[in-house]
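Notes for the one structure printed next.
The values are calculated or read from the model by the stated rules, or taken from the named source; none is laboratory data. This one's a predicted model, so the numbers in the text were calculated from it and none came from an experiment. All Cβ positions, glycine included, derive from the backbone under ideal geometry; neighbour counts span all protein chains shown.
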Amino acid sequence: MAKDKALVVIPARMASLRLPGKPLVEINGEAMIVHVWRRAVEADIGPVLVAAGEQEIVDALSAAGGQAVLTDPDHPSGSDRVWEAVRRFDPDGDYGAIVNLQGDLPTMDPAHIRLTLELLADGEVDISTLAAEITEAYERREPSVVKAVISLPPGGRQGRALYFTRVAAPSGEGPLYHHIGIYGYRRAALARFVGLPRGHLEQREKLEQLRALEAGMRIQVGLVDRVPFGVDTPADLQRARRTMAPS
């Protein structure tokens, strides 16, 4: 049915304090945003749209054969940018599921994009996302590594998110999980989410997904085997160029 159709949207803007012009930085001959777009196309779950904050991003996607929508450059978050693009691309609501993929994950596994959509099969789930078990000790203490606290039975591969935090949690023996920045939304859930006021915990932890939990929305987390490599600094960019270089 039409409502089951999925749309992948990749928000991108040029403003970045640590890596200016981030979407268009070159990795082995192509802009990073083009690499991310290709990973989403390879997932083969529906049309892929870049929600661009600037015309030069639109131009880069068009030159690569992709599609982009120019959005308000002053959106407060990627989710707001995605929602504007969804409404402009699909004003009649033909797409019932929206996958929001970060534009700085050029090594994202297409199978993980598909999993994000599959997690929405449970009608009780509003939002889906991914996590991987932390294997490096320093990541347990690193505030930039967001931890997902999940109601997860031993051996389980998915569970309900109870909290997200920058500190090591939960306490006690057992694994911690590194949250991965991709979200699947039921269209109605995305519309509700962007209309909610910022939550108190969201503002305290600087984590947008806590707004949904504070409002009682259900976030389902699927486990994957590895965290995709993100590009957020010049050092990350050099590593990406080495990692993705043709063999």
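Here are some notes:
- Among the residues of the range 63-80, those that are hydrophobic (A, V, I, L, M, F, W, C) and either under 19 Å from residue 188 (Cβ atoms) or part of a strand (DSSP E or B) (or both) comprise 68, 69, 70.
- The range 160-190, subset in a loop (DSSP other than H, G, I, E, B) and either among the small types (Gly, Ala, Ser) or not assigned by TED's automatic domain parsing to the domain that holds residue 223 (or both), residue surrounded by the most Cβ atoms within 10 Å (Cβ to Cβ): 169
- Any hit, the range 124-135, residues being closer than 29 Å to residue 14 by Cβ, part of a helix (DSSP H, G or I) and in contact (Cβ under 8 Å) with a residue 24 or more places away in the chain: no
- Residues within the range 224-243 that are in contact with a Phe, Trp or Tyr (Cβ under 9 Å, 6 or more places away or on another chain), surrounded by fewer than 19 Cβ atoms within 10 Å (Cβ to Cβ) and in contact (Cβ under 8 Å) with a residue 24 or more places away in the chain, tallied: 2
- Residue match in the range 5-23 (condition: part of a helix (DSSP H, G or I) and over 21 Å from residue 119 (Cβ atoms)): yes
- Residues that are among the charged types (D, E, K, R) and part of a helix (DSSP H, G or I), drawn from the range 24-42: 38, 39, 42
- Of all residues in the range 202-213, those that are farther than 10 Å from residue 164 by Cα have Cβ atoms under 6 Å from Cβ atoms of residues that are of a type outside the set (Val, Ile, Thr), 6 or more apart or on another chain, in 211/196; 211/199; 211/202; 212/193.
- Residues being under 20 Å from the mean Cα position of the chain (by Cα), part of a helix (DSSP H, G or I) and not small (Gly, Ala, Ser) - total across the range 202-247: 10
- Count - residues of the range 103-125 that are modelled with pLDDT under 95, touching a Pro at 6+ places or on another chain (Cβ under 8 Å) and surrounded by fewer than 22 Cβ atoms within 10 Å (Cβ to Cβ): 1
- When 65, 46, 29 are checked against the criterion of being closer than 23 Å to residue 233 by Cβ and of a type outside the set (A, V, I, L, M), a single residue qualifies: 29.
- Looking across the range 41-52 at every residue that is touching a helix residue (DSSP H, G or I) at 6+ places or on another chain (Cβ under 6 Å) and of a type in the set (A, V, I, L, M, F, W, C), the one that is nearest to residue 245 (Cα to Cα) is identified as 43.
- Residue match in the range 81-103 (condition: part of a helix (DSSP H, G or I) and among the polar types (S, T, N, Q)): no
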